[in-house]
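Read through the structure below, which is laid out as structure tokens, and then see the notes.
The values are calculated or read from the model by the stated rules, or taken from the named source; none is laboratory data. Just so you know, these numbers come straight off a predicted model, no measurement behind them. Please note: Cβ atoms are built from the backbone with ideal geometry, for glycine as well, and neighbour counts cover all protein chains shown. Quick note on the areas: whole protein, heavy atoms, side chains included, nothing else; ligands and nucleic acids left out. Shrake-Rupley method; radii C 1.70, N 1.55, O 1.52, S 1.80 Å.
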Amino acid sequence: MGIHVARACPAWWEDFVSAHSNLLFYRSVWGEVLEQGYGWTPRYVWLEEDGKPVIGFLGGIYNVGFMRMLYSSLPYGGLVGDVTQLENLIAQLGPALRAEGIHQ
């Protein structure tokens, strides 16, 4: 399994989200709200197995002075997909975010 962090919405994202949730906060339109409304940069994060998404979430990057932070609904259970893979996602999330230059 491998983690992916993307700035642009993957072509398959809406279908994946629709299969797991009807909430707005996972959809690409919410990424547009984060970007245009708040000035944040959306990040689509997912864990993939055999080339298919397993679990994921949408967040936004915002700058706080000297630090870049990821805000998402992840701490509130904001995940789509197979939540039994949460430990795998979390184990790979920190290093993936640091590789993107995200501090918190």
Helical contribution to [θ] at 222 nm, DSSP H n ≥ 4, -39,500 (n - 2.57), averaged over the chain, rounded to 500 | -7500 deg cm²/dmol
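In region 1-88, which GluC sites (Glu not before Pro) fall in coil by DSSP and have 14 or fewer other Cβ atoms within 10 Å?
The qualifying sites: there are none.
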Cα gyration tensor, region 45-104 - rounded (a/c under 1.5), prolate or oblate | prolate
Those trypsin sites (Lys or Arg not before Pro) from the chain that are DSSP loop and have at most 14 other Cβ neighbours within 10 Å turn out to be 7
Average accessible surface area per residue within the chain, 1.4 Å rolling probe, Å² | 57 Å²
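Report in % the part of the accessible area of the chain that belongs to carbon and sulfur, leaving out ligands and nucleic acids; probe 1.4 Å. Working shown, then result.
Working: 3170 of 5940 Å².
The computed percentage sits at 53.
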Can you tell which of 62, 71, 38 shows the greatest fluctuation in a Gaussian network model of the chain with Cα springs below 10 Å?
-> 38
